[in-house]
Amino acid sequence: MAEQPESDLLRDPESYARLLRHVHEAVLSGVPAPRSPRSVISKSWDRSLAARVDPDAMRPPLVYGAAELHAVREAHPLAPVLPLLRQTLVSIADDAEHMMIITDVDGLILWREGANAVLHRAENVSLTEGTRWSEDAIGTNAMGTSLATGEPVQIYSAEHLVRAYHAWTCAAAPVRDPETGLLLGSIDVSGPLRTVHPAMLALVTAAAQLAEGQLRAHLAVREERLRRANMRHLEALRGEAGALLSATGRVLASESCGDLPSTVDIRRHGGTITLPDGRLGAVEPLDEGFLLRLRTRAPRRLPKLALELLTDGTPSITVDGREIPFTLRHAEILALLALHPAGLSAERLALLLYGDAGNPVTVRAEIHRLRTQLGDVVRTRPYRLAADVDADFLRARTALCQGTDATGAFRGPLLPDSEAPAVLEERESLTASVRRVALTGRNPESLWSFWETSCGVDDLEIVDALCRLLPEGDPRRAVVLTHRARLR
């Protein structure tokens, strides 16, 4: 969730602005500040300063003049949703003495509309069409920072790195391509400091969601039209394995193909391709899109995905023995897919990862990044693992179900830093089950193994059981007795 300025300070904008100016000057001067900037602002300032943005002298670069900008606008994917955004934002912005701004993925301002007085005032600080507002070009601002983080953000007064914009406040939300999950640009509402309103962030976030919804509708209409126009080519295969593809390789319809990826990696002019499962295919260009003809080939051996996520140390993920760098979010996704081998929809996965506030678009973007790293180990429609999975938490669960000792696989809690609701529930359930079995089994080796983890080390019931069960001559008993004394 995006950080917002404190509501009590928003009720007194001028006081808040003065405080932020003091914070800005102190941080840039390297002296103690009256308070810390919000984390999203601090990180943005760090990125901007690393890009050598000058807080005193910077102006956004002019990339396109008026003549060139017309063609750039017409070709941009957000052009079709401009009427919707005008209807949603411009009248509100006009009444509130704000303006609506739409950028591309590089922070280039494509459109800006709103109150004339604000538009004229914006021209004095180069807040105009054709200029680029990425963080590396002009420092912390709502448009550039939302594109850098992929999250909605509101920037208030001296939270802008460049001093020339301390008299402004702005809120922006990114817009993603519903087909790929990649960023297309941002939607921003900006205005003078005195016109700030705490609902600005919610407004641009809702507008971005509306834009993505309309883009999804446009995509569905285009793909259905293309499917109908090209269906005769698929029917002409007379039962042979084949599929209709969009211009980007998305599978629109298939016949006798079995399991296909949602998108096929195609070449512009067609040719022979190899699918992730080893099958060969020939891609033939059509007037629009492509026809894929498949040849049968023995499936490849599934890769081995090893998930070692029960640990007090550093978790590990490997594919065929190769260590894979990963983020916490990607580890959470892989854990949940391992727990649901039949697969999960984007909506269900969003609920498990984020709770009721989950957004399927965010999940699709994360899956896109994960597939870029792991290839077809992660399949789509639904999201699932196409691998021979060896996961320590699954081994522990299996041992518990079979009534055998699970402490051998349990070396710590499942992803202890995770706050994803489903991971938290699995972590607590698994830890409680292993603890219960260790206590009721009265096996000192199992109890010792559980006690050595962060889950058991300060568990007085576990410690008491060890003191009772470890024999007098066992050197571990003295260690446990000393620890019990400290606990009590």
Selection status of Ala335, over 15 Å from the mean Cα position of the chain (by Cα) and in a helix (DSSP H, G or I)
yes
Output for the stretch 280-291, where each listed residue is buried (at least 20 other Cβ atoms within 10 Å of the Cβ), farther than 13 Å from Arg232 by Cα and not small (Gly, Ala, Ser)
Val283
Against the condition assigned to a helix (DSSP H, G or I) and either open to solvent by 40 Å² or more (accessible area, probe 1.4 Å) or closer than 15 Å to Glu308 by Cα (or both), how does Thr431 come out, does it pass?
no
Restricting to the stretch 370-414, name every residue that is open to solvent by 10 Å² or more (accessible area, probe 1.4 Å) and of a type in the set (Asp, Glu).
Asp376, Asp388, Asp390, Asp405
Cβ-Cβ under 6 Å, sequence separation 6+ or interchain: first residue in the stretch 30-43 and within 24 Å of Ser146 (Cβ to Cβ), partner open to solvent by 60 Å² or more (accessible area, probe 1.4 Å) and of a type in the set (Asp, Glu). Which pairs?
Arg38/Glu3; Val40/Glu3
Residue ID - nearest to Glu288 (Cα to Cα), chosen from residues in the stretch 220-233 that are of a type in the set (A, V, I, L, M, F, W, C) and open to solvent by 20 Å² or more (accessible area, probe 1.4 Å):
Ala229
Close pairs from the stretch 358-369: first part of a helix (DSSP H, G or I), partner at pLDDT below 90, Cβ under 7 Å, at least 6 apart
Val361/Gly181; Arg364/Gly181; Ala365/Gly181; His368/Thr180; His368/Gly181
Unique match (being over 24 Å from Asn124 (Cα atoms), of a type in the set (D, E, K, R) and modelled with pLDDT of 85 or more) among Asp54, Asp46
Asp46
Among what's in the stretch 134-163 and is among the polar types (S, T, N, Q) and closer than 27 Å to Asn359 by Cβ, pick the residue that is surrounded by the fewest Cβ atoms within 10 Å (Cβ to Cβ).
Thr149
Which one of the conditions (1) open to solvent by less than 50 Å² (accessible area, probe 1.4 Å); (2) in contact with a strand residue (DSSP E or B) (Cβ under 7 Å, 6 or more places away or on another chain) does Asp265 fail to meet, given that it meets all the rest?
(1)
Look through Ser446, Ser454 and report the one residue that is in contact (Cβ under 8 Å) with a residue 60 or more places away in the chain, in contact with an Asp or Glu (Cβ under 7 Å, 6 or more places away or on another chain) and either of a type in the set (S, T, N, Q) or open to solvent by 50 Å² or more (accessible area, probe 1.4 Å) (or both).
Ser454
Restricting attention to the stretch 234-256, the residues that are free of Cβ contacts under 8 Å to residues at least 60 places away in the same chain, outside any strand (DSSP E or B) and either surrounded by fewer than 17 Cβ atoms within 10 Å (Cβ to Cβ) or in contact with a helix residue (DSSP H, G or I) (Cβ under 8 Å, 6 or more places away or on another chain) (or both) number exactly 9
Go through (1) more than 22 Å from the chain's Cα centre (by Cα); (2) open to solvent by 30 Å² or more (accessible area, probe 1.4 Å); (3) not hydrophobic (A, V, I, L, M, F, W, C) one by one and return the number of the condition Thr169 breaks.
(2)
Mind checking whether some residue in the stretch 80-91 is among the basic types (Lys, Arg), in contact (Cβ under 8 Å) with a residue 12 or more places away in the chain, farther than 30 Å from Val27 by Cβ and surrounded by 15 or more Cβ atoms within 10 Å (Cβ to Cβ)?
yes
Looking at the stretch 461-477, is at least one residue farther than 18 Å from Ala391 by Cβ, among the hydrophobic types (A, V, I, L, M, F, W, C), open to solvent by 50 Å² or more (accessible area, probe 1.4 Å) and more than 29 Å from the chain's Cα centre (by Cα)?
no
Go through the stretch 32-44 residue by residue and tally those that are over 18 Å from Val162 (Cβ atoms) and open to solvent by 80 Å² or more (accessible area, probe 1.4 Å).
3
List the number of the failed condition for Glu74; all other conditions in (1) open to solvent by 70 Å² or more (accessible area, probe 1.4 Å); (2) assigned to a loop (DSSP other than H, G, I, E, B) hold.
(2)
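The values are calculated or read from the model by the stated rules, or taken from the named source; none is laboratory data. Predicted model, so just to flag it, every value in this text is computed and none were measured. Please note: Cβ atoms are built from the backbone with ideal geometry, for glycine as well, and neighbour counts cover all protein chains shown. All accessible areas refer to the heavy atoms of the entire protein, side chains included, with ligands and DNA or RNA removed. Shrake-Rupley method; radii C 1.70, N 1.55, O 1.52, S 1.80 Å.
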